[in-house]
Ligand code: HEM
């Protein structure tokens, strides 16, 4: 209404004084988070680039948290709880997939303005991304190398490699549920080593997919894992498409061949037998 006094939320009880109590910003450590964007150039688009990476890392942090809890739930026989968390992980990646649309508004000309400021830094060195891959089951120890200078990060990643992956936990649950997964997986102890694909595991999933009513919880688990990998693949695909759109076939700041390296990564399968079994149904 023109001419009336501006509305004051204090009149309906909104707390307006935070001298001695915790405020929204205190609780969320907002000063630290909002002070952590430090562009190294004067290019306008560097802020977008930094915030896109930082927000992705925050969502990836939540995905790691949920995956760890889901793995614990499967191990402890609380598979229904794991479903909730795995659904959340898939939703996180769905959300990260939409986020690429914001970054795609940056053109090659705009990126070139600040690319040199990045030096050799690259998402290739994202230890949280490696944690996701290692937790899920893609155990490639070569990916530890960029973290050799950070003993704290190395210790965290090595601890993940020393334990069964999400996929290992799922397979062990199948075995405990009376569906044999073959000796190679049932008796595995070297969790850090990449596991070999197995016909026994294809057969195990086949048993479940052929009798969903009988094995409903395991059937649902299988579909939650496929959902997760589906969204994760889309993230990789969106990344490589965005990268090609912005840098073409140039090498990455991290030193790889860039787009052709990322295309190779599209072929990595986290839960291979869950994809193979589909051909046999
Ligand atoms: C202008 C935008 C971007 C460009 C041009 C770009 C480029 C690249 C390139 C070329 C690589 C291969 C490694 C290298 O040689 O550097 C890479 C890897 C990677 N990037 Fe990006 N990227 C961009 C945005 C992002 C964003 C927003 C994230 C989110 C966290 C991200 C996460 C990653 C990860 C995790 C890898 C490692 C992938 C793997 O090893 O499989 N990138 N990026």
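Values for this structure:
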| item | result |
| --- | --- |
| Residues that are modelled with pLDDT of 95 or more, assigned to a loop (DSSP other than H, G, I, E, B) and either within 11 Å of the ligand (Cβ to nearest atom) or in contact with a strand residue (DSSP E or B) (Cβ under 7 Å, 6 or more places away or on another chain) (or both), drawn from segment 131-146 | 138 |
| Test: residue 274 is more than 10 Å from the ligand (Cβ to nearest atom) and surrounded by fewer than 12 Cβ atoms within 10 Å (Cβ to Cβ) | no |
| Any pair with Cβ under 6 angstrom, 6 or more apart, that starts in segment 49-60 at a residue that is free of Cβ contacts under 8 Å to residues at least 60 places away in the same chain and ends at one that is more than 9 Å from the ligand (Cβ to nearest atom) and in a helix (DSSP H, G or I) | 59/92 |
| Residue in segment 185-199 that is at positive phi and buried (at least 19 other Cβ atoms within 10 Å of the Cβ) present | no |
| Pick from segment 105-121, criterion in contact with a helix residue (DSSP H, G or I) (Cβ under 9 Å, 6 or more places away or on another chain) and not in a helix (DSSP H, G or I), ranking: nearest to the ligand (Cβ to nearest atom) | 106 |
| Any chance residue 266 is surrounded by fewer than 15 Cβ atoms within 10 Å (Cβ to Cβ), within 16 Å of the ligand (Cβ to nearest atom), over 23 Å from residue 169 (Cβ atoms) and within 16 Å of the chain's Cα centre (by Cα) | yes |
| Count of residues meeting criterion [in contact with a helix residue (DSSP H, G or I) (Cβ under 6 Å, 6 or more places away or on another chain) and more than 6 Å from the ligand (Cβ to nearest atom)] in segment 247-262 | 2 |
| Test: residue in segment 92-104 that is farther than 23 Å from residue 225 by Cα and either away from the ligand (no atom under 16 Å from the Cβ) or part of a loop (DSSP other than H, G, I, E, B) (or both) | yes |
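The values are calculated or read from the model by the stated rules, or taken from the named source; none is laboratory data. Quick caveat: nothing in here was measured; it's all calculated off a predicted structure. So basically every Cβ, Gly included, is an ideal-geometry build from the backbone, and we count neighbours across all protein chains shown.
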